[in-house]
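Have a look at the structure below before the remarks.
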Amino acid sequence: MESWLQQRLSRISLRDLHFYPIVFILVFTVVFSSLLIYDEYRGFTKTVHIDMPSGAEENVTSLHPHTLNKAFRGRLIKIVLEISTLALILFGFIVGVSKIANAMIAKELETFFKFFESAHSDIKQINPDELYFTESKKMAEYANEMAMTLQEQKETLQRLNSSLEERVQLKTKALQQKNDALEEEQKFSQGLLESHKQFIRYAIHETHTPLSVIMANIELFTMNEGRNRYLAKIEAAVKNIFSIYDDLSYLVKKDQIDYPKKAIDLGEYVEKRLEFFDEVAQFSNLTFHYTRPEYPAWIQFNETKLQRVIDNNLTNAIKYTKNGETIRVGVESDTQESRFWVESKSQKIHDEQKIFEAYYRERKKKDGFGLGLSLVKAICDEDNVEIKIFSNRDATRFEYVFRKDGGENTSS
């Protein structure tokens, strides 16, 4: 019962609020009038009993209404009409007051409805003078204050949004200008880089011919006049230049041409490169000691790449080995892999990983660009050649392990 009443009251409207009190007042008026009439009727009955002679009271209640005396009936009818008229007047008055009050409440509620309904688009304040009740006027003050706050916040947000849009436009314009500038700089840098590459290609191409001429003339002079100390120095310097030339040539061409692999006897190839650099080692007061493999050390590798690996290790050994020492070079082979190693007495390597970075040199006073081992590391990574380094205060050893399958990564 309680839950039904709560549900009913939660859905009540102003029309219901106007209807139910009228019904209640009507019922109350009818009940009240009936009770008054009934009470008057009993009062008059007692009066009649009192005024009648003794002994006749028992017969009064048994009489038919038409048998009552005319004065009693007239008076009773008059009283009933007065009470009914009074009840009707009271009912009409209460209903009128209720309708007026409900109309006033409905009008004020309609004002608030319109206010909140239009608040999202056009905020119009409520005029308190148009309201009747003190509570409604107080509510209007709060509503107007809320409307002013909302209006101020709305204007602030609009200004903020406008400011943000301007900032975004300015930032976008600035970024566009920066992008345009970066594109121009990128085009300029690409042009410089391309020009730089073209210059290096041209320089390398043009350098090869005079170097070849110098080497050919050294050999001819040696055949005709014999060797001498000055010619040996020239030959050693030219061979160093040849090694640098080969490095630069490979760096320029490595991304443009293919380097096919072929079967190479690693022991024989290393021996040929030692013969080429023997004059350079002697000029630096150094000697090579070569350990040949017991059996041919065949590998599948590109000759140009292999020359870069061997030549850079030999030239580095010549550059960093202590004066008067012997550079030990060897090739070993088994059924699975072949190994090429270079060992010499030199200063200890402090950072075994960093020496493979481009332009890094642990001995700043030594000549060179610091590109040789970086180039070697790139070739070994491409062809799956393992690099091992052993360095202490007595000796430094570089070892390269070539797999017999040509360096393919079988794990993948």
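For the residues Thr156, Thr85, the requirement of being under 30 Å from Ile25 (Cβ atoms), assigned to a helix (DSSP H, G or I) and either open to solvent by less than 100 Å² (accessible area, probe 1.4 Å) or modelled with pLDDT of 75 or more (or both) singles out Thr85.
The residues of the stretch 284-309 that are in contact with a Lys or Arg (Cβ under 6 Å, 6 or more places away or on another chain) and either of a type in the set (S, T, N, Q) or within 19 Å of Met215 (Cβ to Cβ) (or both), listed by number, are Gln300, Asn302. Among the numbered conditions (1) part of a loop (DSSP other than H, G, I, E, B); (2) open to solvent by less than 40 Å² (accessible area, probe 1.4 Å), the only one that Tyr250 does not meet is (1).
Quick grid of which residues meet (1) of a type in the set (A, V, I, L, M, F, W, C); (2) on the phi < 0 side of the Ramachandran plot; (3) open to solvent by 90 Å² or more (accessible area, probe 1.4 Å); (4) modelled with pLDDT under 75:
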position: Gln186; (1), (2), (3), (4): no, yes, yes, no
position: Gln190; (1), (2), (3), (4): no, yes, yes, no
position: Glu206; (1), (2), (3), (4): no, yes, no, yes
position: Asn224; (1), (2), (3), (4): no, yes, yes, no
position: Arg227; (1), (2), (3), (4): no, yes, yes, yes
position: Tyr230; (1), (2), (3), (4): no, yes, yes, yes
position: Ile234; (1), (2), (3), (4): yes, yes, no, no
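Beta carbons closer than 8 Å, at least 6 apart along the sequence or on distinct chains, pair a first residue in the stretch 377-401 that is at positive phi with a second that is open to solvent by less than 70 Å² (accessible area, probe 1.4 Å) for Asn384/Arg403; Asn384/Gly407. Annotation note: Cβ proximity below 9 Å between a residue of the stretch 29-42 that is assigned to a helix (DSSP H, G or I) and a residue that is modelled with pLDDT under 70 (sequence gap 6+ or interchain) occurs for Ile37/Leu76; Glu40/Leu76; Tyr41/Leu76. Checking every residue in the stretch 358-368 against the condition of being surrounded by 12 or more Cβ atoms within 10 Å (Cβ to Cβ), within 23 Å of Val270 (Cα to Cα), at pLDDT 70 or above and not acidic (Asp, Glu) gives zero matches. The numbered conditions (1) in contact with a Ser or Thr (Cβ under 9 Å, 6 or more places away or on another chain); (2) touching a residue at least 60 places away in the same chain (Cβ under 8 Å) are all true for Lys261 except (1).
The values are calculated or read from the model by the stated rules, or taken from the named source; none is laboratory data. The model shown is predicted, which means the values in this text are computed figures rather than measured ones. All Cβ positions, glycine included, derive from the backbone under ideal geometry; neighbour counts span all protein chains shown. Accessible surface is based on the protein model in full, side chains and every heavy atom, while ligands, DNA and RNA are left aside. Shrake-Rupley method; radii C 1.70, N 1.55, O 1.52, S 1.80 Å.
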